[in-house]
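*Asks:* Just dropping this structure here.
The values are calculated or read from the model by the stated rules, or taken from the named source; none is laboratory data. Since the model is a prediction, treat every value here as computed from it, not as a measurement. Reconstructed Cβ throughout: ideal geometry from the backbone, glycine too, with neighbour counts over all protein chains shown. We work out accessible area using only protein heavy atoms, side chains counted, and drop any ligands, DNA or RNA first. Shrake-Rupley method; radii C 1.70, N 1.55, O 1.52, S 1.80 Å.
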Amino acid sequence: MYKYILKRLAITIPTLFAISLISFLIIHLSPGDPTAMMIDPKTRPEDRERIKKNLGLDKPLPQQYFIWLNNLVFHRDMGYSLVNGKPVLKSIMERLPNTLILMGLSYLTAILLALPLGIYSAVKQYSPGDYILTVLSFTGISIPSFWLGLMLICLFTVKLQLLPSIGTISPDIGDNIIIQIYDFIKHLIMPFFVLVFTNLAAWSRYVRSSMLEVLKADYIRTARAKGQSELKVLYKHALRNAMIPLITLIGLSLPDLLAGAFVTEMIFSWPGMGRLGMDAIFHRDYTVLMGTIMFSSIVIIVSNLITDIFYVITDPRIRFD
Amino acid sequence: MRGEILFKNNSLTSQSQHFKKLILSLFLLLAIANLSCKEAGKKDVLILSLRADPVYLNPVLAHESPSMMVNHWLFNSLVKLNENLQPVPDLADRWEISEDQKHWIFYLKKNIIWHDGYPFTAEDVKFTLAAVLDPETNTYNRGLFMVADKPVKVSIIDDYTIEIILPEPFAPLLTNLSLLGIIPKHILEGQDINLSNFNSSPVGTGPFKFKEWRSGEIITLLRNENYYKGKPDMEKVVFRIIPSGEGRLIALETGQIDVGEIPAKEYKRLSNFQNLFIYRWYDLSYYYLGFDLTNPLFTDKELRKALNYGINRQKIIDSVLSGYGKVATGPIPCSSWAYSTDVKQYEYNPEKAKIILNKQGWLPDANGILSKNGKVLSFTIYYGQGSENSGKASIYIQHFLKEVGVDVKIRPVEFSVLVTEIANPGKFEAILLDWIENPDPDCYVEWGTDQVKNGMNFMSYANPHVDQLLNQARTTLDIKKRKILYKNFQKIITEEAPYIFLWYPETMIGVNRRIEGISKPGPAGLFLEPEKIRVVKK
């Protein structure tokens, strides 16, 4: 197994190289550049050309790529933002904790709730409980997160005046750590709920359908026939098999933990990675964009690896070879 | 504790009931703490909002509104603009102009200290101007101090006297100086200004000191106890970064921020709000539909006039801006001192438009679309995607011109692409944009013939008479003489109709009534004297 993991890790290097080359080309070849974000009578084309030259954007594209690659590989330096001159790594690190907390908590909650709810729906198929859950989850899937967010703000911020709708902290909150944490939780509730609700809806459907399929299988009937308790049948035989597609699903969602959720971040002014990435796209901040792309590529590759390892743990038919 | 005992005694209480209680008590706690927080918080704090993170908290590099809004509280310039956009002393106590108007001597205030305690001297002024003029500095503000394509020269006379030497007289100099906050030499000397940490943790001379910047979220400033005009009234100024317009509006309504822009369509609803006062004024900007004047279609002045007559601009303002705007009459914003109404005005008159077009040989076909020599009268309007007003206005223009027989197509393009690929190289037929002008009416970069290549004259307007007028106006210091020159300029431009001037937008800023000390509302802003802003208890 260790050999397999090492082999997989070895492949990541050429993969990352290919990702960096392709994304570098795509983002540089798209029209516009970092100097074009402002246009007013003060912005002279002459200044734009001069600044482009200062930033090294006048060099041939292959040369620009090798400069970037060289800095990254040999100096472990992701460079500076082309828009505000901040180190790229610093820009990412400023946003990462906020994103990790929000996404991590809400995904974990969604998974932990999706499992029992999905199993319940599957086992009690066509029961009133199942119908209620089905209606709820379809509501969750079809409600756009921005709408849900705005409705929550409308209710809890505007009408009830209970929860703040902006950012992670209140201005002038003082130095008391307990109050600070409490204040942070209050800011977290609404975006957390939006992300839990929308993800839970989809995931509990997956659990339900996956469980239903497994429950119809012959080996479940066999297990029941040989007199195993219903609990054992459900959790030892059925759930373990039903988990396999879920692991894929969760694995695919792992990169979101670091990529952030742009729409939710916009609505609640949450300072996360999603907004950082989108701003970089709008401003053509190539270095920050490359930084976030490389960052999420690494996460995707690692989470794919973790997913594969989990397959082996849950499904004895799969072997590392 | 009481709840716990109750729970233990009641053997029937189920798990779910316990859970319900937990949720309920949590909410109760929230509500109580919320109230107490509101009482405790924001006593002596002014809370402002920004639509995005500032790019640089360094006035030499800053060029977009979030940065300038924050820098305003942190830095001082040699001069600043008053409510009427006229320069008044700031770091400079007074100034003298030589006979030939090329030598400007500024006498600086003494006893001003930087936020870190260093004394402010003429060296800092020289350093700042050198930094903004250095070609290696990634600043868009360099053009402010390029006169006749040459950089201005600076020489220090003594610690508190500095001379600025110009290649030729230059009227906008004071206004341009008001846009440049002075930065400290003792911190930035020897550093790469483009990458310096200073840009995110600045040191200025202004009424407030930098405290903290949480990226994408909040910027906190503390009052400068040693401010040269006296200790500011308020303890703290906080900028909250709220990217969405809805978010800012909700924050303003719920008191999470004190000041915020109000979209025209929300004005009516919010004007009834008890805790808000809405200030309104015309900013230094105008919207226009510009034509590529090298395109054979638009070289015909009569056709351009006909298009002017064919558009009902009042109707556009009424629906797109809910009526909060004014029909634009020419190339100078209505709040500028150089604005003149003695110009050729084009009222809405589709019949007249049709008659002119027929005279020029454009005849209607079966569908009512005009054509000449087999060529249909048709063009495309480009506008920046995301500018909701431009998009709606384009549709109205399309509709009005169709009535006259002109076929208009509309193409929204992403903004940075619009600049680099469409506007700058002049690859368009018509373009809907807005100009945000400097407080000085000098607009040579937009209209000068040599600005087609080097400036912002995208439309390729070329008229030696206008060149001469604008050049004269920027080299004349006498405001009365300048007024006459700009009046003639506006007359010529409106007569030639190179643009269709659409509207002057109205700015509406809502301010929480707990804030006092605001200056007379106008394009110079509401916080001209930040040290006088105060929070009143109600």
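*Asks:* Are any residues in the stretch B:434-447 at the interface with chain A (Cβ under 10 Å from one of its Cβ atoms), touching a residue at least 60 places away in the same chain (Cβ under 8 Å) and in a helix (DSSP H, G or I), and if so, which ones? Write out each step before concluding.
*Replies:* Residues of the stretch B:434-447 at the interface with chain A (Cβ under 10 Å from one of its Cβ atoms): B:434-438, B:442-446.
Still in the list and also touching a residue at least 60 places away in the same chain (Cβ under 8 Å): B:434-438, B:442-443, B:445-446.
Selection gives B:Val445, B:Glu446.
*Asks:* Among the residues of the stretch B:455-471, which ones are of a type in the set (S, T, N, Q), touching a helix residue (DSSP H, G or I) at 6+ places or on another chain (Cβ under 6 Å) and surrounded by fewer than 22 Cβ atoms within 10 Å (Cβ to Cβ)? Steps first, please.
*Replies:* So in the stretch B:455-471, the residues of a type in the set (S, T, N, Q) come out as B:457, B:460, B:463, B:468, B:471.
Imposing the further condition that a residue be touching a helix residue (DSSP H, G or I) at 6+ places or on another chain (Cβ under 6 Å) reduces the set to B:457, B:460.
B:Ser460, the sole residue that qualifies.
*Asks:* What is the residue count in the stretch A:161-177 for residues that are buried (at least 21 other Cβ atoms within 10 Å of the Cβ) and either under 16 Å from A:Glu265 (Cα atoms) or under 25 Å from the mean Cα position of the chain (by Cα) (or both)? Step through it out loud before you land on a result.
*Replies:* So in the stretch A:161-177, the residues buried (at least 21 other Cβ atoms within 10 Å of the Cβ) come out as A:164-168, A:170-171.
Narrowing further to those that are either under 16 Å from A:Glu265 (Cα atoms) or under 25 Å from the mean Cα position of the chain (by Cα) (or both): A:164-168.
Here the count works out to 5.
*Asks:* Could I ask something else about it? Among the strands (runs of 3 or more DSSP E) contained in the stretch B:82-130, which hold 3 or more residues that are open to solvent by 50 Å² or more (accessible area, probe 1.4 Å) and either modelled with pLDDT of 95 or more or not small (Gly, Ala, Ser) (or both)?
*Replies:* Details: elements: B:87-89, B:92-97, B:103-108.
Of the strands (runs of 3 or more DSSP E) lying wholly inside the stretch B:82-130, those with at least 3 residues that are open to solvent by 50 Å² or more (accessible area, probe 1.4 Å) and either modelled with pLDDT of 95 or more or not small (Gly, Ala, Ser) (or both) span B:92-97.
*Asks:* Looking only at the stretch A:296-321, count every residue that is open to solvent by 50 Å² or more (accessible area, probe 1.4 Å) and either within 21 Å of the chain's Cα centre (by Cα) or not aliphatic (A, V, I, L, M) (or both) and tell me the total.
*Replies:* Quick first cut of the stretch A:296-321, residues open to solvent by 50 Å² or more (accessible area, probe 1.4 Å) only: A:298, A:300, A:302, A:304, A:306, A:310, A:313, A:316-319, A:321.
If we keep only those that are either within 21 Å of the chain's Cα centre (by Cα) or not aliphatic (A, V, I, L, M) (or both) as well, we get A:298, A:300, A:302, A:304, A:306, A:310, A:316-317, A:319, A:321.
Looking only at that region, the number is 10.
*Asks:* Another question, then. If you check A:Ile39, A:Ile26, which single one turns out to be modelled with pLDDT of 85 or more and either surrounded by fewer than 13 Cβ atoms within 10 Å (Cβ to Cβ) or assigned to a loop (DSSP other than H, G, I, E, B) (or both)?
*Replies:* A:Ile26
*Asks:* Considering each residue of the stretch A:265-290, count those that are hydroxyl-bearing (Ser, Thr, Tyr) and more than 10 Å from chain B (Cβ to nearest Cβ), and give that number. Write out each step before concluding.
*Replies:* Pass one, the stretch A:265-290, residues hydroxyl-bearing (Ser, Thr, Tyr): A:269, A:286-287.
Cutting the leftovers down to more than 10 Å from chain B (Cβ to nearest Cβ) gives us A:286-287.
Of the residues in that region, 2 qualify.
*Asks:* If you don't mind, there's one more thing I want to ask. Within the group B:Phe291, B:Phe239, B:Phe273, B:Phe298, which residue is under 30 Å from A:Thr168 (Cβ atoms) and open to solvent by less than 10 Å² (accessible area, probe 1.4 Å)? It would help to see each step written out before you state the result.
*Replies:* Working: B:Phe291 fails: under 30 Å from A:Thr168 (Cβ atoms); B:Phe273 fails: open to solvent by less than 10 Å² (accessible area, probe 1.4 Å); B:Phe298 fails: under 30 Å from A:Thr168 (Cβ atoms).
Just one listed residue meets the conditions, B:Phe239.
*Asks:* Please determine whether any residue of the stretch B:484-500 is open to solvent by 20 Å² or more (accessible area, probe 1.4 Å) and among the aromatic types (Phe, Trp, Tyr).
*Replies:* Looking for residues that are open to solvent by 20 Å² or more (accessible area, probe 1.4 Å) and among the aromatic types (Phe, Trp, Tyr), one finds none in the stretch B:484-500, hence no.
*Asks:* A further question on this structure: From the list A:Lys52, A:Lys59, A:Lys86, which one is open to solvent by 30 Å² or more (accessible area, probe 1.4 Å), modelled with pLDDT of 85 or more and under 26 Å from B:Ser215 (Cβ atoms)? Spell out how you get there, then give the answer.
*Replies:* Numbers: A:Lys59 fails: under 26 Å from B:Ser215 (Cβ atoms); A:Lys86 fails: open to solvent by 30 Å² or more (accessible area, probe 1.4 Å).
Only one candidate qualifies: A:Lys52.
*Asks:* Has the stretch A:248-269 got at least one residue that is outside any helix (DSSP H, G or I), at pLDDT 85 or above and open to solvent by less than 10 Å² (accessible area, probe 1.4 Å)? Steps first, please.
*Replies:* As a first pass, look at the stretch A:248-269 and keep what is outside any helix (DSSP H, G or I): A:254-255, A:260-261, A:268-269.
Among the residues that remain, those that are also at pLDDT 85 or above are: A:261, A:268-269.
Then drop every residue that is not open to solvent by less than 10 Å² (accessible area, probe 1.4 Å), which leaves A:268-269.
Yes - at least one qualifying residue is present in the stretch A:248-269.
*Asks:* How many of the residues in the stretch B:30-59 are over 15 Å from B:Ser215 (Cβ atoms), at pLDDT 90 or above and not in a loop (DSSP other than H, G, I, E, B)?
*Replies:* Adding up the residues that qualify gives 5.
*Asks:* Here's a check for you: in the stretch B:401-415, which residue that is surrounded by fewer than 22 Cβ atoms within 10 Å (Cβ to Cβ) and in a helix (DSSP H, G or I) is farthest from the chain's Cα centre (by Cα)?
*Replies:* The qualifying residue farthest from the chain's Cα centre (by Cα) is B:Glu403.
*Asks:* A:Phe193 - would you say it is open to solvent by 70 Å² or more (accessible area, probe 1.4 Å) and at pLDDT 85 or above? Write out each step before concluding.
*Replies:* Values: open to solvent by 70 Å² or more (accessible area, probe 1.4 Å): yes; at pLDDT 85 or above: yes.
Answer is yes for this residue.
*Asks:* Of a type in the set (S, T, N, Q) and under 23 Å from B:Arg51 (Cβ atoms): is that true of A:Ser165 in this structure? Don't jump to the end; show me each part of the working.
*Replies:* Working: of a type in the set (S, T, N, Q): yes; under 23 Å from B:Arg51 (Cβ atoms): yes.
It is true that A:Ser165 is of a type in the set (S, T, N, Q) and under 23 Å from B:Arg51 (Cβ atoms).
*Asks:* Show the residue pairs that are 6+ apart or on different chains and have beta-carbon atoms under 7 Å apart, the first residue being within the stretch A:168-190 and farther than 21 Å from A:Glu94 by Cα and in a helix (DSSP H, G or I), the second being open to solvent by less than 20 Å² (accessible area, probe 1.4 Å) and aromatic (Phe, Trp, Tyr).
*Replies:* Once the first residue is farther than 21 Å from A:Glu94 by Cα and in a helix (DSSP H, G or I) and sits in the stretch A:168-190, its partners that are open to solvent by less than 20 Å² (accessible area, probe 1.4 Å) and aromatic (Phe, Trp, Tyr) give A:Met190/A:Phe268.
*Asks:* Run down B:Tyr279, B:Tyr267, B:Tyr286 and say which single residue is of a type outside the set (A, V, I, L, M, F, W, C), modelled with pLDDT of 90 or more and closer than 21 Å to B:Met69 by Cβ.
*Replies:* On the way: B:Tyr267 fails: closer than 21 Å to B:Met69 by Cβ; B:Tyr286 fails: closer than 21 Å to B:Met69 by Cβ.
Matching residue, one of B:Tyr279, B:Tyr267, B:Tyr286: B:Tyr279.
*Asks:* While we're on this one: Restricting attention to the stretch A:62-100, report how many residues are within 13 Å of another protein chain (Cβ to nearest Cβ), in contact with a helix residue (DSSP H, G or I) (Cβ under 8 Å, 6 or more places away or on another chain), outside any helix (DSSP H, G or I) and not basic (Lys, Arg).
*Replies:* 8
*Asks:* I've got another one for you. Say we look at the stretch A:125-138 and pick out the residues that are open to solvent by 50 Å² or more (accessible area, probe 1.4 Å) and assigned to a helix (DSSP H, G or I); which of these is nearest to the other protein chains (Cβ to nearest Cβ)?
*Replies:* Pass one, the stretch A:125-138, residues open to solvent by 50 Å² or more (accessible area, probe 1.4 Å): A:125-126, A:128, A:131-132, A:135-136, A:138.
Of the ones still in play, those that are also assigned to a helix (DSSP H, G or I) are A:128, A:131-132, A:135-136, A:138.
Details: A:Pro128: 17, A:Tyr131: 20, A:Ile132: 15, A:Val135: 20, A:Leu136: 17, A:Phe138: 24 Å.
Per the criteria, the residue is A:Ile132.
*Asks:* Which numbered condition in (1) within 14 Å of another protein chain (Cβ to nearest Cβ); (2) touching a Pro at 6+ places or on another chain (Cβ under 9 Å); (3) under 18 Å from B:Lys185 (Cβ atoms) is the only one that B:Leu74 fails?
*Replies:* It is condition (1) that B:Leu74 fails.
*Asks:* Under 18 Å from A:Ser30 (Cβ atoms) and of a type in the set (S, T, N, Q): is that true of A:Thr292 in this structure? It would help to see each step written out before you state the result.
*Replies:* Working: under 18 Å from A:Ser30 (Cβ atoms): yes; of a type in the set (S, T, N, Q): yes.
Spelling it out, A:Thr292 is indeed under 18 Å from A:Ser30 (Cβ atoms) and of a type in the set (S, T, N, Q).
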